[in-house]
1. Could you please report the charge total around ASP20, scoring K, R as +1 and D, E as -1 over all other residues with beta-carbon less than 15 angstrom from its beta-carbon?
2. Put a dot 7 Å past each Cα toward the Cβ at TYR77 and ARG104; how far apart are the dots in nm?
3. Can you give me the relative contact order of the stretch 7-111 as a percent, contacts being Cα pairs under 8 Å and 6 or more apart?
4. With every protein chain present, what is the per residue accessible area of the chain (1.4 Å probe, Å²)?
5. Which of the trypsin sites (Lys or Arg not before Pro) across the stretch 23-111 are loop residues per DSSP, with 11 or fewer other Cβ within 10 Å?
6. Using 0.36 nm times the number of residues separating TRP32 and LEU17, minus their current alpha carbon distance, what extension gain do you get?
7. Any idea of ILE30's accessible area? Nearest 10 Å², probe 1.4 Å.
8. Carbon and sulfur: what percent of the stretch 44-108's accessible surface (1.4 Å probe)?
Amino acid sequence: DYLATKINEEIKTGVALSADLFYHPKLSKIKWNFRYAVFYCPDFDTRIYQYENDLPGSFSIPFYYGKGNRTYVNATYSINRSTSLSIRYAVTGYSNGARSADLRLQLYWKL
């Protein structure tokens, strides 16, 4: 019986904590944001999906699984009114020493 099986399953949990820092001054040509997150999701069934800011016009929703931390920084430099250059660098580190990194660049030119 499906209901009896669901009742007897153990409850699994995971946790993720994150902090964001944004710097968008009005008169500056550079704006950036930064995130640091730690996570502990011991089972794949406890993975946690978390929205992340990305390059202008896009977003990402990675999941946290295992034990580790994730850091990313986005920066945008406004060259002039119609052109900007954006960069994103993200690193995920796990307690077993494994690491993964992601680098993205975007040149935006408005006609």
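The values are calculated or read from the model by the stated rules, or taken from the named source; none is laboratory data. Computed from a predicted structure; not experimentally measured. Note that each Cβ is placed from the backbone with ideal geometry, even for glycine, and that neighbours are counted across all protein chains shown. Ligands, DNA and RNA are stripped out before the accessible areas are found, and what is left, the full protein with its side chains, is counted by its heavy atoms. Shrake-Rupley method; radii C 1.70, N 1.55, O 1.52, S 1.80 Å.
1. On the way: positive: LYS31, ARG35, ARG70, ARG88; negative: GLU52, ASP54.
Computed value for this residue: +2.
2. Here the modelled spin labels are 2.0 nm apart.
3. Details: 233 pairs, mean separation 22.3, N = 105.
Computed over the stretch 7-111, the figure is 21 percent.
4. Numbers: 8220 Å² over 111 residues.
It amounts to 74 Å² per residue over the chain.
5. Details: sites: LYS26, LYS29, LYS31, ARG35, ARG47, LYS67, ARG70, ARG81, ARG88, ARG99, ARG104, LYS110; in loops: LYS26, LYS29, ARG47, ARG81, LYS110.
Here the trypsin sites (Lys or Arg not before Pro) that fit, given the DSSP loop and packing criteria, are LYS26, LYS29, ARG81, LYS110.
6. Details: separation 15, 0.36 × 15 = 5.40 nm, distance 2.06 nm.
So the chain would gain 3.3 nm between TRP32 and LEU17.
7. Its accessible surface works out to 80 Å², give or take rounding.
8. Values: 2300 of 4050 Å².
C and S atoms contribute 57 percent here.
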